[in-house]
Amino acid sequence: MTYVDAIHTPLLILHSENDLRCPVEQAEQLFVTLRLLGREVELVRFPEESHELSRSGSPPHRVMRFEVILDWLNRHLNG
């Protein structure tokens, strides 16, 4: 949060709600602060998932995660 005002690149935040390493409140705080600064940001939360979502999360959430990332990249790289 110290350098949040220096973030100008569009940002996609993916966060698992049961992540014990990085509390979901940190993602929410970053998201809200960037919105207040007028920056482009999206937050996607995955319920009942841990820090290991990309490796051992539920199959539907793992697929959803990839779809969200692909959609984000399509919108920001392909115009």
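Rolling a 1.4 Å probe over the heavy atoms of the protein chains gives the chain an accessible area of 70 Å² per residue.
In this structure, the amide hydrogen of Ser16, modeled 1.01 Å from its nitrogen in the peptide plane, lies closer than 5 angstrom to those of Phe46, counting only residues at least 5 positions away or on a different chain.
Calculated FRET efficiency, Glu28 to Asn78, Cβ-Cβ distance, R0 = 35 Å: about 0.75 to the nearest 0.05. The phi torsions of the range 47-59, fed into the Karplus equation with coefficients 6.51, -1.76 and 1.60 and a -60° offset, translate into couplings of x, 6, 10, 10, 4, 8, 3, 5, 10, 9, x, 5, x Hz, rounded to whole numbers, with Gly and Pro shown as x.
Would you please name the GluC sites (Glu not before Pro) within the range 1-53 that are DSSP coil residues with at most 16 other C-beta atoms within 10 Å of their C-beta?
Details: sites: Glu17, Glu25, Glu28, Glu40, Glu42, Glu48, Glu49, Glu52; in loops: Glu17, Glu40, Glu48, Glu49, Glu52.
Those satisfying the criteria are Glu17, Glu40, Glu48, Glu52.
Shown for the chain: the carbon plus sulfur share of the solvent-accessible area, taken with all protein chains present and a 1.4 angstrom probe, equals 55%. The candidate values are (i) 1.15; (ii) 1.93; (iii) 0.96; the one derived from this structure for Cα Rg over 2.2 N^0.38 Å carries the label (i).
Per DSSP H run of n ≥ 4, the term is -39500 (n - 2.57); total these for the chain, divide by its residue number, and report the mean residue ellipticity at 222 nm rounded to 500 deg cm²/dmol.
Working: 3 runs with 36 residues, N = 79.
For the chain, the value works out to -14000 deg cm²/dmol.
Between Tyr3 and His61, the C-beta separation translates, for a Förster distance of 35 Å, into a calculated FRET efficiency of about 0.70. When the chain is treated as a GNM with alpha-carbon contacts under 10 Å, the residue of Arg45, Arg35, Arg55 showing the greatest mean-square fluctuation is Arg55.
With each label modelled as a point 7 angstrom along the Cα→C-beta vector, the Val44-Arg21 pair spans 2.0 nm.
The values are calculated or read from the model by the stated rules, or taken from the named source; none is laboratory data. Small disclaimer: the values here were computed from a predicted structure and weren't measured. Because the Cβ atoms are built from the backbone with ideal geometry, glycine has one as well, and the counts that use them run over all protein chains shown. Remember, those area values only see protein heavy atoms, side chains included, never the ligands or the DNA or RNA. Shrake-Rupley method; radii C 1.70, N 1.55, O 1.52, S 1.80 Å.
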